[in-house]
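Here's the structure, in structure tokens; my notes come after.
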Amino acid sequence: MDFKSLIYLVLILVIEVITLVMFKFKNNMIFSILLYSLIGYFLRDIINDKGLTIGHAFYDFSSVIIISLVGIFYFKEKVSKRQILGLLLGVVSVYLLDKPHSH
């Protein structure tokens, strides 16, 4: 992933964490929705860099991992061993998606 796409991914994840925390607390719903709409703008460049399939999957898996960590550590949500395994597989997926294809 090039540096610009990495910066955009970080921005998307920060925006997503902020908006989802605001949704959880039911604060500023209109602002949350407007802020959430920025994700599409930044996601467009990631998709242009990685392609639709890999770009969106990369964003999706990264988002699940980050949001899950916020839920576990900030909101003290409980997760089972099977769910932890699923999150670890998500980490492996993100790693494998970012590696260049070789023959």
- Of (1) 1.15; (2) 1.02; (3) 1.09, which is the value of Cα Rg over 2.2 N^0.38 Å derived from the coordinates here? (1)
- Mind checking which aspartates and glutamates have their C-alpha under 12 Å from LYS4, skipping anything on the same chain fewer than 8 residues away? ASP45, ASP49
- Item | Footprinting exposure proxy for PHE31, PHE42 (fewest neighbouring C-beta atoms within 10 Å first) | PHE31, PHE42
- Message: Just to be sure I understand: with springs between alpha-carbon atoms less than 10 Å apart, which residue in VAL92, VAL64, VAL21 has the highest mean-square fluctuation in the Gaussian network model of the chain?
- Response: VAL92
- Looking at the stretch 44-103, which chymotrypsin sites (Phe, Trp or Tyr not before Pro) are DSSP coil and have at most 11 other C-beta atoms within 10 Å of their C-beta? TYR74, PHE75
- Message: Test of understanding: given the chain, find the longest segment containing no trypsin sites (Lys or Arg not before Pro) that are in a DSSP loop and have at most 15 other Cβ atoms within 10 Å.
- Response: 27-75
- Query: So, in Å, what gap is there between the alpha-carbon centers of the stretch 67-97 and the stretch 20-61?
  - Reply: 19 Å
- For the residues THR53, THR19, what sequence is obtained by ranking on other C-beta atoms within 10 Å, fewest first? THR53, THR19
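Each reported figure results from applying straightforward, stated rules to the coordinates on display, with no laboratory input. Quick caveat, the model's predicted, so the values are computed rather than measured. Cβ atoms come from the backbone with ideal geometry, glycine included; neighbour counts cover every protein chain shown.
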